[in-house]
1. Please go through the stretch 6-46 and pick out each residue that is within 22 Å of H77 (Cα to Cα) and modelled with pLDDT under 55.
2. What are the pairs, 6+ residues apart or on separate chains, where a residue within the stretch 9-37 that is under 24 Å from T64 (Cα atoms) has its Cβ under 7 Å from a residue that is of a type in the set (G, A, S) and assigned to a helix (DSSP H, G or I)?
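The values are calculated or read from the model by the stated rules, or taken from the named source; none is laboratory data. Keep in mind the model is a prediction, meaning the values are calculated, not measured. Note that we place each Cβ from the backbone using ideal geometry, even for glycine, and neighbour counts take in every protein chain shown. Heavy atoms of the whole protein, side chains included, go into the accessibility calculation; ligands, DNA and RNA do not. Shrake-Rupley method; radii C 1.70, N 1.55, O 1.52, S 1.80 Å.
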Amino acid sequence: MGLFSRFFSRHKCLVHIAVGTEAYAKAAAKLQAHGISYRTKSPNDINHLGLDTSNVMFPRTDRTTTYEIFVRPEDEHKAQKAIHSGQ
């Protein structure tokens, strides 16, 4: 989420932080199933800096990738309920 998106996006409420692609996919699927619009930010994505990440001492793996999921304020309660449901 860039600077423009951070200030002008309607998706401002952080409702979930998923660790790993599988956890993110599950949370995103639940939001989609309930018709909830969302945006995602991955704060540990250093590729946006234009660095060569091929020789990083501690390469990013699926187990360490985090995804922050944001929704609109009016959808916050509905999103929390959807993500934490047993479905």
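1. The one that is within 22 Å of H77 (Cα to Cα) and modelled with pLDDT under 55: R6.
2. V15/A79; H16/A27; A18/A27; K30/A82; L31/A79; L31/A82
Each row is one residue, and each column tells you yes or no for (1) modelled with pLDDT of 95 or more; (2) open to solvent by less than 60 Å² (accessible area, probe 1.4 Å); (3) within 13 Å of V15 (Cβ to Cβ).
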position: H48; (1), (2), (3): no, no, no
position: L51; (1), (2), (3): no, no, no
position: V56; (1), (2), (3): no, yes, no
position: P59; (1), (2), (3): no, no, no
position: R63; (1), (2), (3): no, no, no
position: T66; (1), (2), (3): no, yes, no
position: A79; (1), (2), (3): yes, yes, yes
position: H84; (1), (2), (3): no, no, yes
position: Q87; (1), (2), (3): no, no, no
